[in-house]
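Have a look at this one.
The values are calculated or read from the model by the stated rules, or taken from the named source; none is laboratory data. Bear in mind the structure is a predicted one, so any value in this text is a computation, not a measurement. Here the Cβ positions follow ideal geometry from the backbone for every residue, glycine too, while neighbour counts run over all protein chains shown. Surface areas here come from the heavy atoms of the whole protein model, side chains and all, with no ligands, DNA or RNA. Shrake-Rupley method; radii C 1.70, N 1.55, O 1.52, S 1.80 Å.
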Amino acid sequence: MKKYGKIFMNGIIDENPTFRMVLGMCPTLAITTAASNGIGMGLAVTFVLIFSNLVISLLRKAIPDQIPAFIVVIATFVTIVQLIIKAFLPALDASLGVFIPLIVVNCIIFCRSEAFAFKNKPLASAVDGLGMGLGFTLAITLISSIRELFGVGTVFGVQVMPEGYLPMDILVKPAGGFIVLGLTLALMNKLLPKKA
């Protein structure tokens, strides 16, 4: 059980995809203008990570050529999550737009497929997918919340800042994504323990 706990926490802290490995920067910069977008994208990526890791691990001895097989498996789960979001969360689908199908080529998912799922057993691979996915979700939700709070004055659409607050519009623009990401990366690298 300790082994699985370590694998899980690895994705949240030691190898956090956003703050430690600096992977998945396209959605991190593009969709993090609202906290709800961060949660939505993070959970979509988590779903794909868990199930693609599981299937790739189950098929690892039967897969002759890795990259094409990885793409087929990942694309299958991305299609499933995209159809679920379209059917049940049309507002989220509209705000995430093209970034949902682009999960297929997200480097976090390819990295974990090749570095972990292809070399480990199914349960460990699913736990790794869960940890990495939740680590990504926490990171982009934090960045989204900061951008929404200071850029609009709300968090999850709820007014937080006082009535007279003048929003920093730049934070919900592309440049704001880079600013908040850079400051958050610096803060996390200061706060999180150094890797041995």
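In segment 1-46, which residues are part of a loop (DSSP other than H, G, I, E, B), under 20 Å from Ser113 (Cβ atoms) and open to solvent by 30 Å² or more (accessible area, probe 1.4 Å)?
Result: Glu15, Arg20, Met21, Val22, Leu23.
Mind listing whichever residues of segment 58-71 are closer than 17 Å to Ser125 by Cβ, open to solvent by 60 Å² or more (accessible area, probe 1.4 Å) and assigned to a helix (DSSP H, G or I)?
Those that are closer than 17 Å to Ser125 by Cβ, open to solvent by 60 Å² or more (accessible area, probe 1.4 Å) and assigned to a helix (DSSP H, G or I): Leu58, Leu59.
So, in segment 170-196, of the ones that are out of contact with any Leu (no Cβ under 9 Å at 6 or more places or on another chain) and under 14 Å from Thr32 (Cα atoms), which residue ends up least open to solvent (accessible area, probe 1.4 Å)?
My answer is Gly176.
Still on this model: Where the second residue is at pLDDT 90 or above and assigned to a loop (DSSP other than H, G, I, E, B) and the first is more than 25 Å from Phe8 (Cβ to Cβ) and lies in segment 88-114, which pairs have Cβ atoms under 6 Å and are six or more apart or on separate chains?
That search, which allows pairs on different chains as well, returns Leu96/Ile31; Phe99/Ile31.
Residue-by-condition table, conditions (1) under 13 Å from the mean Cα position of the chain (by Cα); (2) of a type outside the set (Phe, Trp, Tyr); (3) more than 30 Å from Gly5 (Cα to Cα):
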residue: Ala94; (1), (2), (3): no, yes, yes
residue: Ser113; (1), (2), (3): no, yes, no
residue: Leu130; (1), (2), (3): yes, yes, no
residue: Leu138; (1), (2), (3): yes, yes, no
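Looking for something under 28 Å from Pro174 (Cα atoms) and in contact with a Phe, Trp or Tyr (Cβ under 7 Å, 6 or more places away or on another chain) - is there at least one such residue anywhere in segment 70-93?
Looking for residues that are under 28 Å from Pro174 (Cα atoms) and in contact with a Phe, Trp or Tyr (Cβ under 7 Å, 6 or more places away or on another chain), one finds at least one in segment 70-93, hence yes.
Each row is one residue, and each column tells you yes or no for (1) of a type in the set (Phe, Trp, Tyr); (2) at pLDDT below 95.
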site: Phe8; (1), (2): yes, no
site: Arg20; (1), (2): no, yes
site: Gly24; (1), (2): no, yes
site: Leu29; (1), (2): no, yes
site: Asn37; (1), (2): no, no
site: Leu43; (1), (2): no, no
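Same structure again: With (1) open to solvent by 50 Å² or more (accessible area, probe 1.4 Å); (2) free of Cβ contacts under 8 Å to residues at least 24 places away in the same chain as the list, and Gly153 as the residue in question, which single condition is left unmet?
In the conditions (1) open to solvent by 50 Å² or more (accessible area, probe 1.4 Å); (2) free of Cβ contacts under 8 Å to residues at least 24 places away in the same chain, Gly153 misses (1) alone.
Let me ask something else about it. Which condition does Ala117 not pass, out of (1) modelled with pLDDT of 95 or more; (2) under 20 Å from Asn10 (Cα atoms), if it passes all the others?
Only one criterion is unmet by Ala117, namely (1).
Further question on the same structure: Select, from Ala91, Ala115, the only residue that is among the aliphatic types (A, V, I, L, M) and closer than 27 Å to Ile146 by Cα.
Ala91
Can you name every residue in segment 125-150 that is in contact with a Phe, Trp or Tyr (Cβ under 7 Å, 6 or more places away or on another chain) and either open to solvent by less than 20 Å² (accessible area, probe 1.4 Å) or assigned to a loop (DSSP other than H, G, I, E, B) (or both)?
Those that are in contact with a Phe, Trp or Tyr (Cβ under 7 Å, 6 or more places away or on another chain) and either open to solvent by less than 20 Å² (accessible area, probe 1.4 Å) or assigned to a loop (DSSP other than H, G, I, E, B) (or both): Ser125, Asp128, Gly131, Ala139.
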